[in-house]
Every structure is written in C-alpha cells, then in structure tokens.
Amino acid sequence: MRHRYLTHRSEMEEIILKCEVCHLAMVDTEGLPYLLPFNFGYKEGVIYLHSSREGKKIGILTRNPNVCVEFSTDYLLRFQNEKVGCSYTMKYRSVLAYGKVEFIEDPEQKIEIMNIVMKNYTSGEFSYNPPSLNEVCCWIVKVDKFEGKINGY
C-alpha cells in the first residue's frame with residue numbers, strides 16, 4: 001500500500017473534523033521542539049484552542065508564535081505476511097496545519113472560541129461565568145498552509 005498526498009482542502013478538513021485531539025508543535029528559546037496534545041475546534045481555516053493563562057507553552061508562544069498542528073485518525077495495522085516484519089504497515093489519515101498563534105482577550109470572542117471548541121465534542125448551548133472566562137487563555141491559529149497524507153485507504 002502506498003501513501004497519497006492530499007491536494008484538496010475539503011479532504012483535509014474532513015480528517016480534521018474526525019479527530020478528537022490535535023498535537024501542537026512549537027519551538028522553545030533554545031531551538032528545541034515542544035509538542036502538546038489539545039482539545040480543539042475548527043472552522044473555515046482557523047483552529048481554536050484554549051489553555052491556562054500561564055505555563056511553558058504560553059511563554060514559548062509569546063516569544064515565537066509559529067506552530068505546526070498535527071491531526072491524525074483511522075489507524076489500522078495491516079500486513080501481507082504475519083511472519084514478515086517488513087510486510088507490516090499502518091493505515092492512517094493525517095493533516096499538518098502551519099500558522100501563527102494569536103491570543104484573544106476580548107470576552108465575547110472568547111465565548112465564540114469556547115463554543116466552537118465545545119461543538120467539536122458535544123451539542124447544546126453553554127454559558128460561561130465571567131471569572132472563569134477571565135482565567136482561560138483562548139487562542140487561534142489561522143492556517144497558512146495545509147499538508148495532508150493518507151496511507152492505505
């Protein structure tokens with residue numbers, strides 16, 4: 001089975017919307033990679049994220065907002081001969097999204113972001129109390145470039 005690169009954004013968005021978690025890669029001040037899993041929302045070329053207002057990731061992203069966000073799904077181990085190790089492969093679908101983090105402070109925009117994230121996991125309407133909303137750090141990644149790949153499908 002050979003992999004195939006995706007060329008249509010709609011194919012890549014289908015994969016993104018199927019995922020439950022994304023992984024966000026950033027680069028710290030010493031040039032070392034730093035990778036974390038996140039719950040997320042996605043809408044029209046924008047990835048929506050939230051976290052605490054403090055911590056290592058916030059420091060890194062404040063100094064260098066460039067990120068790569070990874071989405072992958074549909075894993076399935078396959079083989080041609082169960083006794084031949086080289087015949088094993090993993091089927092998967094994946095997308096990389098490149099962009100810059102923008103922190104959002106406006107309370108109304110934070111509510112919009114939180115609603116987009118919540119919609120990715122559940123349905124319904126939600127309310128947010130002001131003290132909690134003030135404590136959450138909401139951010140977006142406007143995607144500059146997508147790359148997608150499928151193996152075995």
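Checking the condition hydroxyl-bearing (S, T, Y), surrounded by 15 or more Cβ atoms within 10 Å (Cβ to Cβ) and either within 24 Å of N151 (Cα to Cα) or touching a Pro at 6+ places or on another chain (Cβ under 7 Å) (or both), which residue from Y88, Y92, Y5 passes?
Values: Y88 fails: surrounded by 15 or more Cβ atoms within 10 Å (Cβ to Cβ); Y5 fails: surrounded by 15 or more Cβ atoms within 10 Å (Cβ to Cβ).
The match here is Y92.
Within region 119-139, can one find any residue that is touching a residue at least 24 places away in the same chain (Cβ under 8 Å), assigned to a helix (DSSP H, G or I) and under 27 Å from H8 (Cβ atoms)?
yes
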Region 44-61, subset surrounded by 16 or more Cβ atoms within 10 Å (Cβ to Cβ) and in a strand (DSSP E or B), residue nearest to the chain's Cα centre (by Cα): I47
Count - residues of region 19-42 that are at pLDDT 95 or above and surrounded by 13 or more Cβ atoms within 10 Å (Cβ to Cβ): 14
Region 8-53: number of residues that are under 21 Å from N151 (Cβ atoms), of a type in the set (D, E, K, R) and touching an Asp or Glu at 6+ places or on another chain (Cβ under 8 Å): 1
All positions within region 122-153 that are hydrophobic (A, V, I, L, M, F, W, C) and closer than 23 Å to R2 by Cα: F146, I150
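Please tell me if Y75 is part of a strand (DSSP E or B) and either free of Cβ contacts under 8 Å to residues at least 60 places away in the same chain or within 18 Å of L17 (Cα to Cα) (or both). Steps first, please.
Details: part of a strand (DSSP E or B): yes; either free of Cβ contacts under 8 Å to residues at least 60 places away in the same chain or within 18 Å of L17 (Cα to Cα) (or both): yes.
For Y75, the condition - part of a strand (DSSP E or B) and either free of Cβ contacts under 8 Å to residues at least 60 places away in the same chain or within 18 Å of L17 (Cα to Cα) (or both) - is met.
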Count - residues of region 7-43 that are assigned to a strand (DSSP E or B) and under 24 Å from L133 (Cβ atoms): 8
Q109, sole failed condition from (1) within 22 Å of C19 (Cβ to Cβ); (2) out of contact with any Gly (no Cβ under 8 Å at 6 or more places or on another chain); (3) of a type in the set (S, T, N, Q): (1)
Top-ranked residue of region 137-153 - restricted to ones that are surrounded by fewer than 16 Cβ atoms within 10 Å (Cβ to Cβ) and at pLDDT 95 or above, ranked as farthest from G99 (Cα to Cα): E147
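Might you let me know whether region 78-96 holds any residue that is in a helix (DSSP H, G or I), within 22 Å of G55 (Cβ to Cβ) and more than 18 Å from the chain's Cα centre (by Cα)? Please lay out each step first, then the result.
Applying the first criterion (in a helix (DSSP H, G or I)) to region 78-96 yields 85-87.
Next cut, within 22 Å of G55 (Cβ to Cβ) only: none.
Within region 78-96 (the criterion being in a helix (DSSP H, G or I), within 22 Å of G55 (Cβ to Cβ) and more than 18 Å from the chain's Cα centre (by Cα)), the answer is no, since none of the residues qualifies.
Can K83 be described as loosely packed, with under 12 Cβ neighbours inside 10 Å and either modelled with pLDDT under 95 or among the hydrophobic types (A, V, I, L, M, F, W, C) (or both)? Walk me through it before giving the result.
Details: loosely packed, with under 12 Cβ neighbours inside 10 Å: yes; either modelled with pLDDT under 95 or among the hydrophobic types (A, V, I, L, M, F, W, C) (or both): yes.
Against the criterion (loosely packed, with under 12 Cβ neighbours inside 10 Å and either modelled with pLDDT under 95 or among the hydrophobic types (A, V, I, L, M, F, W, C) (or both)), K83 qualifies.
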Single condition E11 does not satisfy, out of (1) under 17 Å from the mean Cα position of the chain (by Cα); (2) under 15 Å from V141 (Cβ atoms); (3) surrounded by 12 or more Cβ atoms within 10 Å (Cβ to Cβ): (2)
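Out of curiosity, is K100 surrounded by 12 or more Cβ atoms within 10 Å (Cβ to Cβ), closer than 23 Å to F146 by Cα and over 14 Å from the mean Cα position of the chain (by Cα)?
Details: surrounded by 12 or more Cβ atoms within 10 Å (Cβ to Cβ): yes; closer than 23 Å to F146 by Cα: yes; over 14 Å from the mean Cα position of the chain (by Cα): no.
The answer is no for K100.
The values are calculated or read from the model by the stated rules, or taken from the named source; none is laboratory data. It should be emphasised that the depicted structure is a prediction, and the values quoted were computed from it without experimental measurement. Counting neighbours? That spans all protein chains shown, and the Cβs are built from the backbone with ideal geometry, glycine included.
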